[in-house]
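Report on the structure given below.
Just so it is clear, none of the values below were taken in a lab; they were calculated from the coordinates. Treat the numbers as computed from the prediction; the structure is a model and nothing was measured. Note that each Cβ is placed from the backbone with ideal geometry, even for glycine, and that neighbours are counted across all protein chains shown.
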Amino acid sequence: MFPGPKYTLAWGNTRRQEWDLSRGDPIEKLAGVLTGARKVAVLSGAGLSAESGVPTFRGKEGLWKQRNPVELATPEAFRADPELVWEFYNWRRQKILGVEPNPAHVALADLERRVPAFVHVTQNIDGLARRAGGENIIELHGNLFSTRCFECGREQPDLSGPVPFPTSCERCGGLVRPGVVWFGEPVPLLEDAIESLRDADLLFVVGTSAVVQPAASLAMVCKSAGAFVAEFNIEATPLSGRLDLQIVGPVGTTLPRVVARAFAGG
Ligand code: BJW
Ligand code: ZN
């Protein structure tokens, strides 16, 4: 029923095996955990949106004008050249307005409707999970379509078009910046995220390189609290060996399969 490539699944830290997903056994196992779960949580990163055509942060295709996005996502970069940073974020806004949620986003929105309790903590700022119909979403690193005053912090939900440079804050006259969380800045929704994950009994870690803190450590917070934690990625991450299950493959394929197996006929 599900023809396709083989995916690697690893149970715990020790057993690693090649499974043919068309046989369904490992998916049945994860589906069993999923159907028995009361609260399902998701921690996602750029890999969730990759199949929509959104460049990942650390992939080669993430480069913009030969610049590394990591170097532009800092308050220092904004102080040094705010126009350049706005040009980068306006480019990304245009790009994201031109793409659609992919089957992985849709599978998560579907999952949210099928389980008793659900939360999705995302590092993504693209809004695609919500556009797919997801509701209980915590955007840990902010939203590309919001702005914030660099001086007084006044937040504004924003419009879809490019933000003209310079745009001044209506309250204090300070320079308006993208409403996202840059390196070295506190993560305002961190406590909300920790609280929302505390009672999850299953966590999917989806498409993140797990190198950025504090987001990456949320997976271990969840695991320490007793959750079963499954990672979905096309490659291993620093978290892989520490979690309960690893599904290696593109999430646009693997996530819908897990959800379909768990709720077949439902
Ligand atoms: C697929 C796929 C497919 C692809 N299917 N999978 C030293 C040690 C520890 C911490 C630090 C340290 N030095 C500094 C820090 C802290 C710092 C940090 O973590 N740095 C490390 C990088 C070293 N963190 C911070 O500064 C944070 N704040 C903080 O700590 O505050 C403390 C504080 C308290 C009080 C006062 C002041 C400060 C803030 C971090 C903010 C991160 N912001 C960014 C930019 C957001 C805006 C924007 O997008 O422009 O968030 S950085 C960037 O990385 C972005 C992402 O959300 C984040 C994570 O990246 P993600 O999502 O994992 O993407 P990738 O590209 O890395 O990975 C994609 C993955 O998908 C890969 O694994 C692929 O294999 C996979 N994949 N296709 C499945 N089809
Ligand atoms: Zn202001």
Once amide H atoms are placed 1.01 Å from N in the peptide plane, what residues at a sequence separation of 5 or more from T167, or on another chain, have their amide H within under 5 Å of its amide H? V176
Note, the stretch 138-147: 3J(HN,Hα) by Karplus (6.51, -1.76, 1.60, θ = phi - 60°), whole Hz, Gly/Pro = x, goes 9, 8, 4, 9, x, 9, 4, 9, 10, 10
As a test of understanding, state the convex hull volume per residue of the stretch 99-234 from its alpha carbons, in Å³. 130
Size of electric dipole in the chain: Cβ of Lys, Arg +1 and of Asp, Glu -1, about Cα centre, debye, nearest 20: 480
Can you tell me the 0 to 90 degree angle between the C-alpha axis of helix 103-114 and the longest principal axis of the chain, rounded to 10? 70
Can you give me the angle between helix 82-97 and the longest principal axis of the chain, using Cα atoms only, in degrees from 0 to 90, rounded to the nearest 10? 40
Tilt of helix 251-262 relative to the longest C-alpha principal axis of the chain, in degrees (0 to 90, nearest 10)? 50
How much space per residue, in cubic angstrom, does the convex hull of the C-alpha atoms of the chain take up? 127
With the charge dipole of the stretch 31-122 built from beta-carbon charges (+1 for Lys and Arg, -1 for Asp and Glu) about the Cα centre, the Cα from V106, G36, P75 projecting farthest to the positive end belongs to G36
For the peptides 108-116, 58-66, 197-205, what is the packing order when you average, over each peptide's residues, the other Cβ atoms within 10 Å and list the highest mean first? 197-205, 108-116, 58-66
For K39, counting only lysines whose alpha-carbon sits under 30 Å away and dropping same-chain residues fewer than eight positions off, the answer is K6, K29, K223
Which order do the peptides 247-260, 182-195, 139-152 come out in when sorted by mean C-beta neighbours inside 10 angstrom, highest first? 247-260, 139-152, 182-195
Kirkwood-based shape ratio for the stretch 101-165, expressed as Rg/Rh from alpha carbons: 1.06
Taking Rh as the Kirkwood radius computed over alpha-carbon pairs of the stretch 156-266 and applying Stokes-Einstein at 4 °C with viscosity 1.567 mPa s, one gets a diffusion coefficient in µm² s⁻¹ of 76
If you average 1/r across every pair of different Cα atoms in the stretch 27-165 and take the reciprocal, what Kirkwood value do you get, in Å? 16.6
